[in-house]
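Undergrad: The structure is given below, and queries will be raised subsequently.
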Amino acid sequence: MFRNTAAIYLHLVGPLWGKKSGASLTRCLHQTLAMAKRLPARRLDGIDHNPWVEFGKLASEADVVNLGQGFPDFPPPDFAVEAFQHAVSRDFMLNQYTKAFGYPPLTKILASFFGKFLGQVIDPLKNVLVTVGAYGALFTAFQALVDVGDEVIIIEPFFDCYEPMTLMAGGRPVFVSLKPCPTQDGELDSSSNWQLDPTELASKFTSRTKALILNTPNNPLGKVFSRAELELVASLCQQHDVVCITDEVYQWLVYDGYQHISIASLPGMWERTLTVGSAGKTFSVTGWKVGWVLGPDSLLKHLRTVHQNSVYHCPTQGQAAVAQCFEQEQMLFGQPSSYFAQLPQAIQHNRDHMIRSLQSVGLRPVIPQGSYFLITDISDFKSKMPDLPGAADEPYDRRFVKWMIKNKGLVAIPVSVFYSVPHRKLFDHYIRFCFMKDESTLQAMDQKLQMWKDELRP
């Protein structure tokens, strides 16, 4: 009908206009008709909104301390910078393509380094795939393994890309929440108190379950899953013949003596697990965008098919720099001079600093066992000022963060963005802060919090 109407309009009006005007009108109508077709693929329905874009824009519009997005604002270690400089300047062939599935020195050192932790003899050619960051590894895994109608179990709170990646692959996300155990009055909560209900978790597995995605240490909570919790997940994956995709990008950032355990190291799990890692999080170089996935050839061969038909190849120089970084760490591993020993000590100091500072204004942090992040309970503010500006259906934590950015000059991320829509209102009394920041940034935070504290005095 639209096409007929346009044709009639052109037939009637065209002769009344000059030849030039008629031509312009024809072009205009042609463009209108062309744009009348549906442009976006249906797999994009409902996933166009991104919280990082929204809150990143808010952070850039004011004089604020940005504790929202998770990236270091301090220099990488000297050896990482030197490794990148060497890769750029020494061998001109590093400006060219390398092997599609990974620069050979990098796949070799990844196989050697992680083989010890996973208890496997890892083949650099069959069991390692280098990707464009951990994001690329996750996307490739979902595209390779999740089919239309497959169910993917996602543990909440979850890093926000897991749900849209499931949907883009045609899968159906199935959510199960970590729930906090009660704490004694006056005692700070800990991420270790957030637990899965074993019965509820088991009920999420069906004949349609294809994969479960695990994130330890968890973003945003900072939870490090214990061996007992991993054994529960492993037993259910084996019982129901389910693949485990485990996102372990924060594995070197674990505090207070807790231990990171890779689920692929448990009996019977290597054969059904994809382990995702990130050089950005490992060496504090998030802009390099070098990631990897480790797993059995029976799984990785399908990821290679996606990889070779999409990005095909990752930047050679970044891979060469990461390989050199791992070669150094392999020599120093277990020694006090190892970056993997020094970094968590320094960042735990930042974490403790932030916890003390946030408490000064009535925020109640949940002590994280690992990662870049902590969440803090804002229930007291929710009860004292429940009617902050915002849409009627907007979760409270989103409104609170916008208020805090505008009025207190501090940027955080609402925790509800890490939950499925039905569960957001249940957890909208938490916000997430990043403590992977320079001392000067934490001091600027302290100044903002001191002003806030002064305003609270009667």
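The values are calculated or read from the model by the stated rules, or taken from the named source; none is laboratory data. Nothing here was measured: the structure is a model prediction, and the numbers come from that model. Here the Cβ is made from the backbone with ideal geometry for all residues, glycine too, and neighbour counts use every protein chain on show. Side chains included, ligands, DNA and RNA excluded: accessible areas come from the protein's heavy atoms. Shrake-Rupley method; radii C 1.70, N 1.55, O 1.52, S 1.80 Å.
Undergrad: Which of the residues spanning the range 146-165 are in a loop (DSSP other than H, G, I, E, B) and either under 12 Å from the mean Cα position of the chain (by Cα) or acidic (Asp, Glu) (or both)?
TA: Across the range 146-165, the qualifying residues are 147, 150, 157, 158, 159, 160, 161.
Undergrad: Can I ask one more? Looking at 37, 99, which is the one that is surrounded by fewer than 17 Cβ atoms within 10 Å (Cβ to Cβ), in a loop (DSSP other than H, G, I, E, B), basic (Lys, Arg) and at pLDDT 95 or above?
TA: 99
Undergrad: Just for the range 102-114: of the residues that are small (Gly, Ala, Ser) and surrounded by 17 or more Cβ atoms within 10 Å (Cβ to Cβ), which one is nearest to residue 137 (Cα to Cα)?
TA: Filtering first and then ranking leaves 102.
Undergrad: Still on this structure, I have one more. Say whether the condition of being at pLDDT 95 or above, over 30 Å from residue 176 (Cβ atoms) and surrounded by 13 or more Cβ atoms within 10 Å (Cβ to Cβ) is met by at least one residue in the range 129-143.
TA: Checked the range 129-143: at least one residue is at pLDDT 95 or above, over 30 Å from residue 176 (Cβ atoms) and surrounded by 13 or more Cβ atoms within 10 Å (Cβ to Cβ).
Undergrad: Quick check on residue 351: is it among the charged types (D, E, K, R), surrounded by 16 or more Cβ atoms within 10 Å (Cβ to Cβ) and in contact with a Phe, Trp or Tyr (Cβ under 6 Å, 6 or more places away or on another chain)?
TA: On the way: among the charged types (D, E, K, R): yes; surrounded by 16 or more Cβ atoms within 10 Å (Cβ to Cβ): yes; in contact with a Phe, Trp or Tyr (Cβ under 6 Å, 6 or more places away or on another chain): yes.
For residue 351, the condition - among the charged types (D, E, K, R), surrounded by 16 or more Cβ atoms within 10 Å (Cβ to Cβ) and in contact with a Phe, Trp or Tyr (Cβ under 6 Å, 6 or more places away or on another chain) - is met.
One line per residue, one yes/no per condition, for (1) among the polar types (S, T, N, Q); (2) open to solvent by 60 Å² or more (accessible area, probe 1.4 Å); (3) touching a Leu at 6+ places or on another chain (Cβ under 6 Å); (4) within 25 Å of residue 210 (Cα to Cα):
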site: 300; (1), (2), (3), (4): no, no, yes, yes
site: 309; (1), (2), (3), (4): yes, yes, no, yes
site: 320; (1), (2), (3), (4): no, no, yes, no
site: 329; (1), (2), (3), (4): no, no, no, no
site: 332; (1), (2), (3), (4): no, no, no, no
site: 341; (1), (2), (3), (4): no, no, no, no
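Undergrad: What residue, among those in the range 69-91 that are within 22 Å of residue 435 (Cα to Cα) and charged (D, E, K, R), is most open to solvent (accessible area, probe 1.4 Å)?
TA: 78
Undergrad: Please identify the pairs in which a residue from the range 58-83 that is under 14 Å from residue 347 (Cα atoms) and in a loop (DSSP other than H, G, I, E, B) has its Cβ atom under 7 Å from the Cβ atom of a residue that is open to solvent by 40 Å² or more (accessible area, probe 1.4 Å) and not hydrophobic (A, V, I, L, M, F, W, C), counting only partners at least 6 apart or on another chain.
TA: What qualifies is 71/286; 73/438; 74/438.
Undergrad: State all residues of the range 394-421 that are hydroxyl-bearing (Ser, Thr, Tyr) and over 22 Å from the mean Cα position of the chain (by Cα); if no residue qualifies, say none.
TA: Selection gives 396 alone.
Undergrad: Restricting attention to the range 166-208, report how many residues are under 21 Å from residue 421 (Cα atoms) and either open to solvent by less than 10 Å² (accessible area, probe 1.4 Å) or in a loop (DSSP other than H, G, I, E, B) (or both).
TA: Residues meeting the conditions: 13.
Undergrad: Sticking with this one: Sort out which residues of the range 44-59 are within 14 Å of residue 165 (Cα to Cα) and surrounded by 13 or more Cβ atoms within 10 Å (Cβ to Cβ), and write them in order of number.
TA: 47, 50
Undergrad: Scan the range 415-454 for residues that are under 16 Å from residue 401 (Cβ atoms), open to solvent by less than 50 Å² (accessible area, probe 1.4 Å) and part of a helix (DSSP H, G or I) and jot them down.
TA: 415, 416, 417, 418, 427, 445, 448, 449, 452 - these are the residues of the range 415-454 that are under 16 Å from residue 401 (Cβ atoms), open to solvent by less than 50 Å² (accessible area, probe 1.4 Å) and part of a helix (DSSP H, G or I).
Undergrad: Any residue at all in the range 124-145 that's within 18 Å of the chain's Cα centre (by Cα), in a helix (DSSP H, G or I) and polar (S, T, N, Q)?
TA: Within the range 124-145, one or more residues are within 18 Å of the chain's Cα centre (by Cα), in a helix (DSSP H, G or I) and polar (S, T, N, Q).
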